[in-house]
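Only one structure is covered here, and it is reproduced in the block below.
The values are calculated or read from the model by the stated rules, or taken from the named source; none is laboratory data. Keep in mind the model is a prediction, meaning the values are calculated, not measured. Because the Cβ atoms are built from the backbone with ideal geometry, glycine has one as well, and the counts that use them run over all protein chains shown. Only protein heavy atoms, including side chains, enter the accessible area calculation; ligands, DNA and RNA are left aside. Shrake-Rupley method; radii C 1.70, N 1.55, O 1.52, S 1.80 Å.
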Amino acid sequence: MDTQRTSFQRRHLLLGAAGAAALTSPLSVLAQSGEDIVIGGSIPLTGVFAFAGVGINAGIGDYVKMINDAGGIKGRKIKYVPEDTGYKVDVSVAAYKKITSQNKVNLYYGDSTGFSKTINPELERAGTTLMAGASFASELNDPKKYPNQFLVGPDYTEMFGILLKHIAKEKPGAKVAFVYSDSEFGRDPIEKSEAEAKKLGLSVPVKIMTPAGSVDVSTEVIKLRRAAPDYTIFHGYILAPIPEFITQGKQQGMTSKWMGTFWTMDSSTVMKMGEAADGFMGVMPYRYYYDTEKAPMLEKIRAMRPEYQSTAYIQGFLAAMLFIESAKRCLDAGKPLDGKNLKAALNSLKDFDTGGLIGVPITISGNSIPVGRVYRADMKAQKMVAASDWIKL
């Protein structure tokens, strides 16, 4: 009987202590543990863009797992809900509607420029979500028109700006040719970049537009050779017809340096060009998986995944990092996780350290991260190596 009374008293004391602790705990602590913070995703796991979608999906998933394994943020777990879109806008919109109807979605990753533009009125109407994605379209880099979206790197015009800045430093007064696809993606940076080249004292003697996956470029190569550019920048392609241009150009005695933008610059894509790629350069907003400079976050990625991870993986990983940092800052400030607050939190990033994924601290004042570096293909090493310092616009 005495034993029972003693255990009852002990339990009563413990309950009393727990109750007192709960009353004296700051309310914020009680509010922190709660529902999951949801990242939705329209991800092209199949279709023409699957090579990127698979990497993006793994990158987002890995960062979410890393955060959850460390206890989440403010006692809340992150839940990642992706749907395959096959890189089709209508399927992507359907995926968005499905995911947002079944979850309270705070953050969303979109698969294309088309989707980002199509879904924007819905994003504004709902006001609940901050969105990023695979697109670097210059049009999206407008906080007035796209207040709840951002780009995980420089926009396409800024990518050209980084390359042109590098060229102007390396060879003042150089002649630069632009070769681009007949697509929204291809045409995006051309007009503004021509004006930027002139500002930097460079000339653009020729602009050549081709169908997106064109194979026979012999006529265009003749035009290019006549213009005799010091540099040729390709944009709006992944691979073809870049190797054809370079091979034929070299056969015809061209001495141009050849350059590309983000979606051409994954290591595996460049290596597929074979001999034509030796010395091929381009802009990259992130470090490559195998870069040897100090980057603690890359070391964590390499520990999780010992095999090469694409630049699309790094882009997905960084998107998740910026999403979660924005959510953390909102919760720290005691603000609801809605589109407006999350974007304001993102825009409060000043000299933010990405763990070395981007080689300099970043500040996000608008809708893009206008930073990049020029890398060059070293075919002997089968790697992309740095050809410039980090360039901020």
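Taking amide H positions as placed 1.01 Å from N in the peptide plane, with prolines and chain starts having none, which residues 5 or more places from I208, or on another chain, fall under 5 Å of its amide H?
Excluding prolines and chain starts, which carry no amide H, the hits are F178, V179, Y180.
Can you put V206, V54 in order of accessible area, largest first, using a 1.4 Å probe?
From most accessible down to least: V54, V206.
Only helical DSSP H runs with n ≥ 4 go in: add -39500 (n - 2.57) per run for the chain, normalise by residue count and round the 222 nm mean residue ellipticity to 500 deg cm²/dmol.
Calculated mean residue ellipticity at 222 nm is -13500 deg cm²/dmol.
Tally up the carbon and sulfur contribution to the accessible surface of the chain as a whole percent, 1.4 Å probe, everything protein left in place.
Ligands and nucleic acids excluded, carbon and sulfur reach 55 percent.
Give me the one-decimal nm value for the distance between modelled label points at D389 and A333, 7 Å along each residue's Cα-to-Cβ direction.
In this crude label model, D389 to A333 measures out at 3.3 nm.
How big is D, in µm² s⁻¹, for region 226-341 by Stokes-Einstein at 4 °C and 1.567 mPa s if Rh is the Kirkwood radius over C-alpha pairs?
76 µm²/s
As a test of the definition: which semi-axes, in Å, follow for region 282-393 when you take the square root of five times each eigenvalue of its alpha carbon gyration tensor? Largest first, please.
Each semi-axis is the square root of five times an eigenvalue, giving 29, 16, 10 Å.
Applying 1/(1 + (r/R0)^6) with R0 = 35 Å to the Cβ-Cβ distance of A212 and K171, what FRET efficiency is obtained, to the nearest 0.05?
The pair A212/K171 has a calculated efficiency of 0.70.
Could you compute the FRET efficiency for T219 and K340, with r as their C-beta to C-beta distance and R0 at 51 Å, rounded to 0.05?
It comes out at approximately 0.50.
Give me the base-10 log of I(q)/I(0) for region 159-243 at each q in 0.18 Å⁻¹, Debye formula, one uniform scatterer per Cα, rounded to two decimals.
Debye output, listed in q order: -0.73.
Obtain the nm distance between the two label points defined at Q382 and E122 by a simple spin-label model: each point lies 7 Å from its Cα along the Cα-to-C-beta direction.
Here the answer is 4.3 nm between the modelled labels.
Give, in nm to one decimal, the length gained when the segment between A50 and M304 is fully stretched (0.36 nm per residue of separation minus the Cα-Cα distance).
89.3 nm
How are the Cα pair distances of the chain distributed, in percent, across 20 Å bins from 0?
Bins of 20 Å from zero give 26, 51, 16, 5, 1, 0 percent of pairs.
Put +1 on the Cβ of every Lys and Arg and -1 on every Asp and Glu Cβ in region 288-347; which of F323, T292, S310 then has its Cα farthest towards the positive end of the dipole?
F323
What whole-number value in Å² describes the accessible area per residue of the chain for a 1.4 Å probe?
Heavy-atom SASA per residue in the chain reads 44 Å².
Over the chain, what is the relative contact order in percent, taking alpha-carbon pairs closer than 8 angstrom and at least six residues apart?
It rounds to 18 percent for the chain.
Once phi is turned into θ = phi - 60°, what whole-Hz ³J(HN,Hα) does the Karplus curve with 6.51, -1.76 and 1.60 give for every residue of region 120-127, x standing for Gly and Pro?
Ordered by residue, 3J(HN,Hα) equals 4, x, 5, 4, 5, 5, 6, x Hz.
Give me the Kirkwood hydrodynamic radius of region 90-150, using the inverse of the mean 1/r over all pairs of distinct Cα atoms, in Å to one decimal.
After inverting the mean inverse Cα-Cα distance, the result is 11.6 Å.
Excluding K343 itself, what net charge comes from residues whose Cβ is under 14 Å from its Cβ, given Lys and Arg +1 and Asp and Glu -1?
Local charge sum for K343: +1.
Which residues' amide hydrogens lie under 5 Å from the amide hydrogen of G282, considering only partners 5 or more residues apart or on another chain, with H built in the peptide plane?
Sorted by chain and number, the residues that satisfy this are G260, Y375.
I'd like the FRET efficiency for K145 and Q102, computed as 1/(1 + (r/R0)^6) with the beta carbon distance as r and R0 of 25 Å, rounded to 0.05.
0.30
Compute the distance in nm between two label points, each set 7 Å from the Cα along the Cα-to-Cβ direction, one at E191 and one at S365.
Label-label distance for E191 and S365, simple model: 2.5 nm.
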